[in-house]
Structures are given as C-alpha cells and as structure tokens.
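Participant: The structure's right below; bear with me while I get my questions together.
The values are calculated or read from the model by the stated rules, or taken from the named source; none is laboratory data. Because the structure is predicted, anything quoted here is derived from the model rather than measured. Cβ placement follows ideal geometry from the backbone for every residue including glycine, while neighbour counts extend to all protein chains displayed.
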Amino acid sequence: MSNKEKMAMIERGLEPGLSRPRASAPKPFLSLKFGLLLVGLGLGLLIALFTVRAMGINEDESVAVYFGCLSIFGGFGLILSYAVEKSWLDKQKDLL
C-alpha cells in the first residue's frame, strides 16, 4: 500500500520522501477534562473520608467506600466536562 501511495505522489509531481507526518487533531478540552476528573476524585476522597469516619466503618469495609466514591465523583467530573464542552461547541456553532 505504501508503494502505491508513493507511486501516486510521483505521478502527481510530488516527492514522496518529503511528506510531512500527519499531525494529530488538536484537543482543546484536554486540560478541562483532566482538571474536572481530578477535582471529582478529590471530592470523592473527601466524601469517602467523612463517610467512613462518621459511620465508624472498619478498614476492610472502608476500601469499598473509597473506591465507590472515587468512581462516582470521577464520573461526575467527566460528565461535567462533557456538558461544558458540548455547550461551548453549541455556542460556537450558533456564532457561525
């Protein structure tokens, strides 16, 4: 397949050795996504800590509370990130 592409480029008058590597698509919301994920995980840890201490849960059972809260609040952070991205993209479409 690569040979066919190079032959097609030569036929069009292009030099196949000078082709630029394909750049990945820009990801403008990556920082927002990771930021909200980390905020969600931090909130999950705090809520889990307060829950374990308030209810007097022993160490064996507290692991489940920590993992559950981390998963739930991390997921909320990602859902919030999606909502912010979608609303921003919708506003951009309206402006065009």
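Participant: State all residues of the stretch 45-91 that are polar (S, T, N, Q) and closer than 22 Å to G35 by Cα; if no residue qualifies, say none.
Facilitator: Of everything in the stretch 45-91, those that are polar (S, T, N, Q) and closer than 22 Å to G35 by Cα turn out to be S71, S81, S87.
Participant: Quick one: in the stretch 1-55, of everything that is among the basic types (K, R) and either in contact with a helix residue (DSSP H, G or I) (Cβ under 6 Å, 6 or more places away or on another chain) or assigned to a helix (DSSP H, G or I) (or both), which residue is modelled with the lowest pLDDT? Let's see the steps before the verdict.
Facilitator: Our first condition is that a residue be among the basic types (K, R); within the stretch 1-55, this holds for 4, 6, 12, 20, 22, 27, 33, 53.
Still in the list and also either in contact with a helix residue (DSSP H, G or I) (Cβ under 6 Å, 6 or more places away or on another chain) or assigned to a helix (DSSP H, G or I) (or both): 4, 6, 33, 53.
On the way: K4: 84, K6: 81, K33: 94, R53: 93.
Among those that are among the basic types (K, R) and either in contact with a helix residue (DSSP H, G or I) (Cβ under 6 Å, 6 or more places away or on another chain) or assigned to a helix (DSSP H, G or I) (or both), it is K6.
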